[in-house]
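Visitor: This is the structure, below, for whatever I ask next.
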């Protein structure tokens, strides 16, 4: 059994701290460990260093090796550039099957917050047993509110209980519903949030690529034939730009015939914006999450990040203030997801020094 940690994203919604040269998974956002280190800490008791593989961009590998030196250098799988999670996972599967063609791979990410680490490891063990039977398994998160920012998984017939965890067939996937639909999903008790974490046998997922994404599969096979030869990098560099962008959800999971879901409460959160950190980091008596220097009057439920200078606030409620020295970001908490629009504006303006 392998842990595959996807760690190549740029994390634009946590700009201006998350930059191209130092994305969010390589940052300490307030816990004392970077998100990549926390992802490692969660899985190493189950997989050991030899069983942890990382798929990422080549430019991030030196920083990752510095942060977690115990992961073997050969366990880094280099993606030339991002083409979505489907090509990323397919490429990684080619390398993992050289270690164990019938092994189980647990597809995880480096930018999730998981509070209940031991329970998380327990559900991964249970999911691996389900995957051994040929199912594609996804972890569903018991929803705590009707979120419109997450995809949903509807469970169908029960498949039984494994190590105390109930397992169901997946009836359907629904991408980010509107508020009324999300409320209805939560009230039904039949839906989980789609965590984006998957468990399956390597041979099974490659067969699904062949069946459901034949063009990508053919490209993967071209790369596969060159792995371990002097032509490996040249072939990868030639083929990869031709690969179409696609997520594993759209490309495989929504069309696959045999998908199982294990609904679970593991204290999960997708650290997708500054607003999320207000939910998961320790707050003071006024509900503020403070990193650095701050003095406030009548300031509540706000996130203040300023290690370089003093930030003084009066009358703030539900605000995000992030001062990185070269950039000052100020926005209401409820609009934190729109930070990516600022990044797009900077890209269009050619202000690469801030990206």
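The values are calculated or read from the model by the stated rules, or taken from the named source; none is laboratory data. Keep in mind that what you see is a predicted model, and the values were worked out from it rather than measured. Because the Cβ atoms are built from the backbone with ideal geometry, glycine has one as well, and the counts that use them run over all protein chains shown.
Visitor: Can you tell me which of (1) within 28 Å of residue 335 (Cα to Cα); (2) touching a residue at least 60 places away in the same chain (Cβ under 8 Å); (3) assigned to a loop (DSSP other than H, G, I, E, B) is the one residue 173 doesn't meet?
Guide: Unmet for residue 173, out of (1) within 28 Å of residue 335 (Cα to Cα); (2) touching a residue at least 60 places away in the same chain (Cβ under 8 Å); (3) assigned to a loop (DSSP other than H, G, I, E, B): (3).
Visitor: Something else about it: What single numbered condition from (1) under 24 Å from residue 243 (Cβ atoms); (2) assigned to a loop (DSSP other than H, G, I, E, B) fails to hold for residue 77?
Guide: The failed condition is (2).
Visitor: Inspect segment 200-219 for any residue being assigned by TED's automatic domain parsing to the domain that holds residue 81 and part of a strand (DSSP E or B) and give the result as yes or no. Walk me through it before giving the result.
Guide: We begin by selecting, within segment 200-219, every residue assigned by TED's automatic domain parsing to the domain that holds residue 81; these are 200-219.
Remaining after also requiring part of a strand (DSSP E or B): 200-201.
For segment 200-219, residues assigned by TED's automatic domain parsing to the domain that holds residue 81 and part of a strand (DSSP E or B): present.
Visitor: Looking at segment 92-119 only, could you name the residues that are assigned to a helix (DSSP H, G or I) and either closer than 15 Å to residue 2 by Cα or out of contact with any strand residue (DSSP E or B) (no Cβ under 8 Å at 6 or more places or on another chain) (or both)? Steps first, answer last, please.
Guide: Taking segment 92-119 first, the residues assigned to a helix (DSSP H, G or I) are 92-99, 117-119.
Across segment 92-119, the qualifying residues are 92, 93, 94, 95, 96, 97, 98, 99, 117, 118.
Visitor: Also, quick follow-up: Identify the residue in segment 47-69 that is touching a strand residue (DSSP E or B) at 6+ places or on another chain (Cβ under 9 Å) and assigned to a loop (DSSP other than H, G, I, E, B) and, among all such residues, is nearest to residue 248 (Cα to Cα).
Guide: If we filter segment 47-69 for residues that are touching a strand residue (DSSP E or B) at 6+ places or on another chain (Cβ under 9 Å), which is where we start, we get 47, 51-58, 60-61, 63-65, 68.
Narrowing further to those that are assigned to a loop (DSSP other than H, G, I, E, B): 57, 68.
Working: 57: 19, 68: 27 Å.
The selected residue is 57.
Visitor: What's the number of the only condition in (1) crowded, with 18+ Cβ neighbours inside 10 Å; (2) more than 18 Å from residue 255 (Cβ to Cβ); (3) under 17 Å from the mean Cα position of the chain (by Cα) that residue 116 fails to meet?
Guide: That leaves (1) as the condition not met.
Visitor: Among the residues in segment 199-218, are any modelled with pLDDT under 95 and closer than 28 Å to residue 135 by Cα? Before you say what the answer is, go through the steps one by one.
Guide: The initial filter retains those residues of segment 199-218 that are modelled with pLDDT under 95, namely none.
Scanning segment 199-218 turns up no residue that is modelled with pLDDT under 95 and closer than 28 Å to residue 135 by Cα.
Visitor: Which one of these is at pLDDT 90 or above and more than 17 Å from residue 256 (Cα to Cα): 181, 138, 148? Break it down into steps so the answer makes sense when it comes.
Guide: Values: 138 fails: more than 17 Å from residue 256 (Cα to Cα); 148 fails: at pLDDT 90 or above.
Only one candidate qualifies: 181.
Visitor: Counting just the residues of segment 24-41 that are in contact with a helix residue (DSSP H, G or I) (Cβ under 7 Å, 6 or more places away or on another chain) and buried (at least 21 other Cβ atoms within 10 Å of the Cβ), which one comes out nearest to residue 4 (Cα to Cα)?
Guide: 36
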